[in-house]
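A.B. asks: So that we are looking at the same thing, I have put the structure below in structure tokens.
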Amino acid sequence: MQTPFGTDLNPQLNASGELQHFLDTDGLNRDIIERILDTAETFFSPVDGKIKKVPLLRGKTVANVFFEASTRTRTTFEVAANRLSADVLNLDIGNSATSKGESLLDTIRNLQAMQVDMFVMRHAESGAAHFLAQQVEPHVSIVNAGDGRHAHPSQALLDAFTIRRHKPDIASLSIGIVGDILHSRVARSQVHALRLLGCRDIRLIGPQTLLPKSIGELGATRYHDFDRALEGLDVVIMLRLQRERMGTSLLPSQSEYFREYGLTQRRVDLAKPDALIMHPGPTNRGVEIAADVADGPQSVILEQVNNGIAVRMAVMSMCLGNRQKEAAHG
Amino acid sequence: MADSTVSVKHYQNGCVASDSLPLPKALPKSDSAASWLVMPGITDLAVHSRDLETEAAAARASGITRFCLQPDSLNQVADRASLVAESQSETPEILALGATTRSLQGTQLSDLASLKNGGCIAASDAGTLWRDSCTLKRALEYAQSVGLRLHLHPNNAVLSEEGCAHAGSMSTRLGLNGIPSAAETSALCTLLELIEDTNSELHIARISCARSVALIADAKARGLPVTADVAIHNLVLNESAIDGFNALCHTLPPLRTEADRQALLQGVEDGILDAIVSDHRPCSSDDKLKPFPATKAGAMSLSVLLPLTLSLIAAKELSLESALRALTEGPAAVLNRQPKGTLWVDTTSSFTVGEKHSLGSGDNSPYRGWTLPGDVHIISE
């Protein structure tokens, strides 16, 4: 078979194999991921552990374009851009342009004309960031802050960063991801990132309605029995379960879900004693995680948020840094 | 297909697909062609058009001497009157399909008798969804009573809802809503039960998976009056073609697994599938310039129907006899016709898709830039 016209498998890397957009962990390599994580470490002050302000993106304009609601991701991207000294535009597109019928491409082209260097975008359609990366002007970078159920790569890398800070040898770990895998862009990006970092034991846990059969082909093992899957886990990553999925043909009820897949202290005790408890947030206490577990000593949920700032700074500075290198050589 | 007249006779440097085809007195470029083929003109059962003249010219240039115009063409719906005036074109002969339901909504029957009297050769759902089996059953019964054959796409509306790709490895990786094969096979089972129950006949349009081929083989073995076709893209491409969110390969039914593709090829080889169709669906560039799930499904393949089939023959994925039958007398028989006209094809000459002639009235060919065999001339109309 010849390659279909219009196929561009990995627009996030430039001709030299360096990051120019940040679309997905699928298609990156171990070297790039480790460089992102190492760069993120450099933003923490060795004195007090706080994230420093640096002038790496002075004179650059970053637009946060969120077609879907978000608090945490959008705020941490904004803080990250500010710490990099970029000018930041926040656009709540969900309520304006597209509701008047303007296409995604027109919206972005108009913003591009305002000399934006980078778009941080969240969109409800899978592939939206990939699509835009192929349409924007060559000096503009796209950072995917979540597209449909496809990818949420910065979340995956901040999770990897958090794990690595506690348990540096990721390759030797057993990591469980629990819940609505079917609709989760976070889970997909995590599996790719953890695989690239050498992790061999990734367990995806949930009922079959939320755990597509072919997800195992990404390099993970499927489990329906949460108790059994917990055995020997070093890290338990809980996914947010959207309440609107309850009482549909996907899940019978909230109480049944919590009984089968809710993370309680009894279940935490089935994993390794020093297992990390993670959640990309926002948590639904009593739906997928018990309050005492979310606030318990093994939980690193709030640490994840802070680490998100440094990892997003690393991604943004590397994309635009590579653009500058290209321009200088070119 | 026991009475097939496709029986390839080989001559030095060439072959003739049927005893009844006269060898042309003067073969174009016969000295230069290393290998040539004389075959009947192609009948394409499924062409959607945005501009009839453009599609007709593309058909003529690629050996399609007759095509059926789907009822959602030309920005209209043929639910009251045919979209084609009689004798609009001699070659290709354009035969209109009426819409099975009003506005193709799948709920209220169209004026099927008026459509037939207005010249429609059959009625099609154009790939739109049926909301319930009761309407489907009544459509079969009513069409039977007015003597109009239906061309229906088996697709369960609930199972395929919001889907845009085959439910499998690629859709899972890309996070796209999947259309399971069961959406097709469960609808196909319903259709087969309904035609048995209503004693009607049916053309099953656009099969995409292995299990459907088996179901049709079984139905034919039981003597049910069914015919079936497959789109050329389901024979040439599989689900991996959408990798990188390539919206040009967003089709309905979707491109499925390699095993499905192989089973469809075998279905054509065995004559279980009567026809290969282009399922030519021209889209504007805006229709495809969106995130994948929001793009319009469809690919332009009218002008490459024969070249792609020749490439399958060259790759030994199809035999010459079976492929020619599925392009000529198979689809003609679905329309109760004989093939129209005769073609001379230089099978060794190759060309780059998009450089030679118009691909159709849209901007959505996944084959642009491909090198394909086949220089075709219509030698009798």
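The values are calculated or read from the model by the stated rules, or taken from the named source; none is laboratory data. Note that the coordinates shown come from a computational prediction; the quantities given were computed from them, not determined experimentally. Quick reminder, even Gly has a Cβ in these numbers, built from the backbone with ideal geometry, and neighbours come from all protein chains shown.
A.B. asks: Within the stretch B:111-121, take every residue that is in contact (Cβ under 8 Å) with a residue 24 or more places away in the chain and either touching a helix residue (DSSP H, G or I) at 6+ places or on another chain (Cβ under 8 Å) or of a type outside the set (Gly, Ala, Ser) (or both) and give me the one that is farthest from B:GLY298 (Cα to Cα). Let's see the steps before the verdict.
C.D. replies: Here is the first cut: in the stretch B:111-121, the ones in contact (Cβ under 8 Å) with a residue 24 or more places away in the chain are B:111-116, B:118-121.
Narrowing the set further to residues that are either touching a helix residue (DSSP H, G or I) at 6+ places or on another chain (Cβ under 8 Å) or of a type outside the set (Gly, Ala, Ser) (or both) leaves B:111-113, B:115-116, B:120-121.
Numbers: B:ASP111: 27, B:LEU112: 26, B:ALA113: 30, B:LEU115: 26, B:LYS116: 27, B:CYS120: 24, B:ILE121: 24 Å.
Among residues in the stretch B:111-121 that are in contact (Cβ under 8 Å) with a residue 24 or more places away in the chain and either touching a helix residue (DSSP H, G or I) at 6+ places or on another chain (Cβ under 8 Å) or of a type outside the set (Gly, Ala, Ser) (or both), the one farthest from B:GLY298 (Cα to Cα) is B:ALA113.
A.B. asks: Further question: Just to be sure before I move on: is B:ALA58 more than 15 Å from the chain's Cα centre (by Cα) and at pLDDT 85 or above in the structure I sent?
C.D. replies: Details: more than 15 Å from the chain's Cα centre (by Cα): yes; at pLDDT 85 or above: yes.
Considered against the rule, which asks whether it is more than 15 Å from the chain's Cα centre (by Cα) and at pLDDT 85 or above, B:ALA58 comes out as yes.
A.B. asks: Within the stretch B:193-207, which residues are assigned to a loop (DSSP other than H, G, I, E, B) and within 24 Å of the chain's Cα centre (by Cα)?
C.D. replies: Of the residues in the stretch B:193-207, the ones assigned to a loop (DSSP other than H, G, I, E, B) are B:199-201, B:205-207.
If the condition is that a residue be assigned to a loop (DSSP other than H, G, I, E, B) and within 24 Å of the chain's Cα centre (by Cα), then B:SER200, B:GLU201, B:ALA205, B:ARG206, B:ILE207 are the ones that fit.
A.B. asks: Another one. Is there a residue in the stretch A:300-308 that is part of a helix (DSSP H, G or I) and more than 24 Å from the chain's Cα centre (by Cα)?
C.D. replies: Quick first cut of the stretch A:300-308, residues part of a helix (DSSP H, G or I) only: A:301-308.
Keeping just the survivors that are more than 24 Å from the chain's Cα centre (by Cα) gives none.
Looking through the stretch A:300-308, none of the residues is part of a helix (DSSP H, G or I) and more than 24 Å from the chain's Cα centre (by Cα).
A.B. asks: If you don't mind, another one. Is there a residue being without any contact (Cβ under 8 Å) to a residue 12 or more places away in the chain, under 22 Å from A:LEU241 (Cα atoms), not aromatic (Phe, Trp, Tyr) and not assigned by TED's automatic domain parsing to the domain that holds A:ARG58 anywhere in the stretch A:278-285?
C.D. replies: First pass over the stretch A:278-285, keeping only residues without any contact (Cβ under 8 Å) to a residue 12 or more places away in the chain: A:285.
If we keep only those that are under 22 Å from A:LEU241 (Cα atoms) too, we end up with A:285.
Now narrow it down to the ones that are not aromatic (Phe, Trp, Tyr): A:285.
This time we only want the ones that are not assigned by TED's automatic domain parsing to the domain that holds A:ARG58, so: A:285.
Yes, because at least one residue in the stretch A:278-285 is without any contact (Cβ under 8 Å) to a residue 12 or more places away in the chain, under 22 Å from A:LEU241 (Cα atoms), not aromatic (Phe, Trp, Tyr) and not assigned by TED's automatic domain parsing to the domain that holds A:ARG58.
A.B. asks: Then there's this: I'd like to check something: does the stretch B:314-328 contain any residue that is within 14 Å of chain A (Cβ to nearest Cβ), in contact with a helix residue (DSSP H, G or I) (Cβ under 9 Å, 6 or more places away or on another chain) and modelled with pLDDT of 95 or more?
C.D. replies: Looking through the stretch B:314-328, at least one residue is within 14 Å of chain A (Cβ to nearest Cβ), in contact with a helix residue (DSSP H, G or I) (Cβ under 9 Å, 6 or more places away or on another chain) and modelled with pLDDT of 95 or more.
A.B. asks: Please state which one of B:SER200, B:SER212, B:SER186, B:SER208 is crowded, with 24+ Cβ neighbours inside 10 Å and farther than 25 Å from B:GLY244 by Cβ. First the steps, then the outcome.
C.D. replies: Values: B:SER200 fails: crowded, with 24+ Cβ neighbours inside 10 Å; B:SER186 fails: crowded, with 24+ Cβ neighbours inside 10 Å; B:SER208 fails: farther than 25 Å from B:GLY244 by Cβ.
Within the list B:SER200, B:SER212, B:SER186, B:SER208, the selection yields B:SER212.
A.B. asks: Continuing with the same structure: Is it the case, given these coordinates, that A:LEU37 is within 14 Å of the chain's Cα centre (by Cα) and in the same structural domain as A:ALA314 (by TED's automatic domain parsing)? Steps first, answer last, please.
C.D. replies: Working: within 14 Å of the chain's Cα centre (by Cα): yes; in the same structural domain as A:ALA314 (by TED's automatic domain parsing): yes.
So A:LEU37 fits the description; yes.
A.B. asks: Taking the stretch B:221-245 as the search range and keeping residues that are touching a strand residue (DSSP E or B) at 6+ places or on another chain (Cβ under 8 Å), crowded, with 24+ Cβ neighbours inside 10 Å and aliphatic (A, V, I, L, M), which one is farthest from the other protein chains (Cβ to nearest Cβ)?
C.D. replies: Filtering first and then ranking leaves B:ALA228.
A.B. asks: If I ask for residues that are among the charged types (D, E, K, R) and touching a residue at least 60 places away in the same chain (Cβ under 8 Å), which ones from the stretch A:105-146 would you list?
C.D. replies: A:ASP117
A.B. asks: Please enumerate the residues belonging to the stretch A:214-238 that are away from chain B (no Cβ under 14 Å), touching a Ser or Thr at 6+ places or on another chain (Cβ under 8 Å) and at negative phi. Break it down stepwise before answering.
C.D. replies: Looking only at the stretch A:214-238, we keep the residues that are away from chain B (no Cβ under 14 Å), and these are A:221, A:223-238.
Now restrict to residues that are touching a Ser or Thr at 6+ places or on another chain (Cβ under 8 Å): A:232-235, A:238.
Matches in the stretch A:214-238: A:LEU233, A:ASP234, A:VAL235, A:MET238.
A.B. asks: What residue, among those in the stretch B:30-55 that are surrounded by 13 or more Cβ atoms within 10 Å (Cβ to Cβ) and over 27 Å from B:GLY298 (Cβ atoms), is modelled with the lowest pLDDT?
C.D. replies: This residue is B:SER30.
A.B. asks: Still on this structure: How many residues are touching a helix residue (DSSP H, G or I) at 6+ places or on another chain (Cβ under 7 Å) and of a type in the set (Val, Ile, Thr) if we restrict to the stretch A:28-53?
C.D. replies: Residues in the stretch A:28-53 being touching a helix residue (DSSP H, G or I) at 6+ places or on another chain (Cβ under 7 Å) and of a type in the set (Val, Ile, Thr): 4 in total.
A.B. asks: So, in the stretch A:226-274, how many residues would count as being within 25 Å of the chain's Cα centre (by Cα), assigned to a helix (DSSP H, G or I) and farther than 17 Å from A:ASP201 by Cβ?
C.D. replies: Within the stretch A:226-274, residues that are within 25 Å of the chain's Cα centre (by Cα), assigned to a helix (DSSP H, G or I) and farther than 17 Å from A:ASP201 by Cβ number 7.
A.B. asks: Looking at A:ARG58, A:ARG30, A:ARG74, which one is basic (Lys, Arg) and either within 14 Å of another protein chain (Cβ to nearest Cβ) or surrounded by 14 or more Cβ atoms within 10 Å (Cβ to Cβ) (or both)?
C.D. replies: Working: A:ARG58 fails: either within 14 Å of another protein chain (Cβ to nearest Cβ) or surrounded by 14 or more Cβ atoms within 10 Å (Cβ to Cβ) (or both); A:ARG30 fails: either within 14 Å of another protein chain (Cβ to nearest Cβ) or surrounded by 14 or more Cβ atoms within 10 Å (Cβ to Cβ) (or both).
Result: A:ARG74 is the single residue among A:ARG58, A:ARG30, A:ARG74 that is basic (Lys, Arg) and either within 14 Å of another protein chain (Cβ to nearest Cβ) or surrounded by 14 or more Cβ atoms within 10 Å (Cβ to Cβ) (or both).
A.B. asks: Select the helices (runs of 4 or more DSSP H) contained entirely in the stretch B:95-184, then report the ones holding at least 1 residues which are under 23 Å from the mean Cα position of the chain (by Cα). Spell out the reasoning first.
C.D. replies: On the way: elements: B:112-117, B:133-146, B:169-174.
Fully inside the stretch B:95-184 and qualifying: B:112-117, B:133-146.
A.B. asks: Let me ask you something else. Return the total of residues in the stretch B:146-170 being of a type in the set (Ser, Thr, Tyr) and either at positive phi or modelled with pLDDT of 95 or more (or both). Full working, then the answer.
C.D. replies: Looking only at the stretch B:146-170, we keep the residues that are of a type in the set (Ser, Thr, Tyr), and these are B:160, B:169.
In the following step, the residues that additionally are either at positive phi or modelled with pLDDT of 95 or more (or both) were identified as B:169.
The qualifying residues number 1.
A.B. asks: What's the total number of residues in the stretch B:329-381 that are away from chain A (no Cβ under 13 Å) and outside any loop (DSSP other than H, G, I, E, B)?
C.D. replies: Matching residues across the stretch B:329-381 total 22.
A.B. asks: Based on this model, can you work out whether A:VAL140 counts as closer than 27 Å to A:THR39 by Cα, at pLDDT 95 or above and of a type in the set (Val, Ile, Thr)? Break it down stepwise before answering.
C.D. replies: Working: closer than 27 Å to A:THR39 by Cα: yes; at pLDDT 95 or above: yes; of a type in the set (Val, Ile, Thr): yes.
Yes: the conditions hold for A:VAL140.
A.B. asks: Consider A:GLY6 against the criteria (1) in contact with a Pro (Cβ under 8 Å, 6 or more places away or on another chain); (2) more than 30 Å from B:ILE242 (Cα to Cα): it satisfies all of them except one. Which criterion is unmet?
C.D. replies: Result: A:GLY6 passes all but (2).
A.B. asks: Search the stretch A:147-175 for residues being of a type in the set (Ser, Thr, Tyr) and closer than 30 Å to B:ASN177 by Cα, and hand back the single one that is farthest from the other protein chains (Cβ to nearest Cβ). Give the derivation first.
C.D. replies: From the stretch A:147-175, those of a type in the set (Ser, Thr, Tyr) are A:154, A:162, A:172, A:174; that's our starting set.
In the following step, the residues that additionally are closer than 30 Å to B:ASN177 by Cα were identified as A:154, A:174.
Values: A:SER154: 16, A:SER174: 23 Å.
Among those that are of a type in the set (Ser, Thr, Tyr) and closer than 30 Å to B:ASN177 by Cα, it is A:SER174.
A.B. asks: Could I ask something else about it? I'd like the residue in the stretch B:246-295 that is within 14 Å of chain A (Cβ to nearest Cβ) and basic (Lys, Arg) and, out of all such residues, is surrounded by the most Cβ atoms within 10 Å (Cβ to Cβ).
C.D. replies: The residue in question is B:ARG256.
A.B. asks: Name the pairs: first residue in the stretch A:1-18 and more than 7 Å from chain B (Cβ to nearest Cβ), second residue in a loop (DSSP other than H, G, I, E, B) and surrounded by 14 or more Cβ atoms within 10 Å (Cβ to Cβ), Cβ to Cβ under 6 Å, at least 6 apart or on different chains?
C.D. replies: Listed pairs, sorted by first residue: A:ASN10/A:GLY27; A:PRO11/A:GLN134; A:GLN12/A:HIS21; A:GLN12/A:LEU23; A:ASN14/A:GLN20.
A.B. asks: Do we find that B:LYS296 is among the charged types (D, E, K, R), free of Cβ contacts under 8 Å to residues at least 60 places away in the same chain and farther than 23 Å from A:GLY6 by Cα in this structure?
C.D. replies: Values: among the charged types (D, E, K, R): yes; free of Cβ contacts under 8 Å to residues at least 60 places away in the same chain: yes; farther than 23 Å from A:GLY6 by Cα: no.
Answer is no for this residue.
A.B. asks: Residues to consider are B:GLY175, B:GLY163; find the one that is in contact with a strand residue (DSSP E or B) (Cβ under 8 Å, 6 or more places away or on another chain), within 14 Å of chain A (Cβ to nearest Cβ) and surrounded by 23 or more Cβ atoms within 10 Å (Cβ to Cβ). Outline the logic, then answer.
C.D. replies: Values: B:GLY163 fails: surrounded by 23 or more Cβ atoms within 10 Å (Cβ to Cβ).
Step by step, each of B:GLY175, B:GLY163 is checked, and only B:GLY175 is in contact with a strand residue (DSSP E or B) (Cβ under 8 Å, 6 or more places away or on another chain), within 14 Å of chain A (Cβ to nearest Cβ) and surrounded by 23 or more Cβ atoms within 10 Å (Cβ to Cβ).
A.B. asks: Can you report the number of residues in the stretch B:161-198 which are of a type in the set (D, E, K, R) and in contact with a Ser or Thr (Cβ under 7 Å, 6 or more places away or on another chain)?
C.D. replies: At the first step, the residues of the stretch B:161-198 found to be of a type in the set (D, E, K, R) are B:161-162, B:173, B:184, B:193, B:196-197.
When the remaining residues are screened for being in contact with a Ser or Thr (Cβ under 7 Å, 6 or more places away or on another chain), the result is B:184.
Matching residues across the stretch B:161-198 total 1.
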